[in-house]
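Note sheet for the following structure.
Here, each number is a calculation from the coordinates, and none is a lab measurement. Small disclaimer: the values here were computed from a predicted structure and weren't measured. Counting neighbours? That spans all protein chains shown, and the Cβs are built from the backbone with ideal geometry, glycine included.
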Amino acid sequence: MRARIRKTVMVVHIIVSVALLGEVWGLVVLNTAAALTKDTGLAHAAYRLMPDLVFAGGIPLSLTALITGIALGLTSHWGLFRYYWVAAKLVLLVAVICVGMFLFDPEGMAAVTAGGAAAPATRQWGQIAALATQIAMLMTATTLSVFKPRRKLR
């Protein structure tokens with residue numbers, strides 16, 4: 001890959017990765033507000049807003065980060081499976097996507113809270129825990145990008 005194109009892909013990768021972290025943080029804030037409020041209408045509105053954030057931000061950002069990350073790994077001296085830190089970043093991003101697909105359920109939470117019903121606290125805090133796990137994984141991937149441990153895979 002030419003240097004100018006590679007740098008452009010890297011800039012896009014960094015921007016979407018940081019934006020993904022911000023989008024997940026926004027979901028943590030909305031979920032926490034919904035879990036802590038006594039206003040069931042506010043909780044329902046928060047849960048109804050979350051799918052819009054996921055479909056407008058989370059999905060395109062995570063897929064763009066995945067595609068640009070793979071492109072960078074395949075076209076650089078780091079490789080995709082040559083160094084632990086690159087492979088770990090790939091695994092972490094795929095795990096973030098899987099947590100979003102299989103554990104985060106804002107539509108289900110909106111359905112539970114429809115008509116002013118309160119959602120079970122365990123379910124509310126489970127949603128927050130899923131998002132907190134995503135944040136931890138994204139922060140770990142960012143840390144790996146900065147420190148780049150030199151240990152190679154066999």
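Cα-based count: Lys pairs in the chain below 29 Å, eight or more positions apart or different chains? Please report the intermediate quantities before stating the final value.
Details: Lys7/Lys89; Lys7/Lys148; Lys7/Lys152; Lys89/Lys148; Lys89/Lys152.
Lysine pair count for the chain: 5.
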Picking from Val86, Val12, Val24, which is most flexible by a Gaussian network model of the chain using Cα springs under 10 Å? Val12
For Tyr83, other-chain or 5+-apart residues with amide H closer than 5 Å (H placed, Pro excluded) are Leu153
So what J values fall out for segment 107-115 if you push phi through Karplus, 6.51 cos²θ - 1.76 cosθ + 1.60 with θ = phi - 60°, rounded to Hz, Gly and Pro as x? 5, x, 5, 5, 5, 5, 8, 4, x
Two-decimal log10 I(q)/I(0) for the chain, as the Debye equation yields it once each C-alpha is a single scatterer, q = 0.09, 0.12, 0.17, 0.20 Å⁻¹: -0.34, -0.56, -0.91, -1.14
Once the Cα atoms of helix 84-102 and of the chain are each reduced to a long axis, what angle between those two axes, in degrees from 0 to 90 to the nearest 10, is obtained? 20 degrees
Calculate the spin-label point distance for Trp78 paired with Leu42, positioning each point 7 Å from the Cα along the beta-carbon direction, and give it in nanometres. 4.2 nm
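Quote the relative contact order of segment 35-110 in percent (integer), defining contacts as alpha-carbon pairs under 8 Å separated by 6+ residues.
On the way: 32 pairs, mean separation 33.2, N = 76.
Normalised by residue count, the contact order of segment 35-110 is 44 percent.
Over segment 13-63, what is the relative contact order in whole percent, taking alpha-carbon pairs under 8 Å and six or more residues apart?
Working: 30 pairs, mean separation 25.5, N = 51.
Averaging sequence separation for qualifying contacts and normalising by length gives 50 percent for segment 13-63.
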Relative contact order %, the chain, counting alpha carbon pairs below 8 Å whose residues are six or more apart: 33 percent
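Based on Cβ point charges of +1 for Lys and Arg and -1 for Asp and Glu, what charge dipole magnitude is obtained for segment 3-147 about its Cα centre, in debye rounded to the nearest 20?
That gives segment 3-147 a dipole magnitude of about 540 debye.
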Please work out the C-alpha center-to-center distance from segment 1-30 to segment 44-119 and express it in whole Å. 13 Å
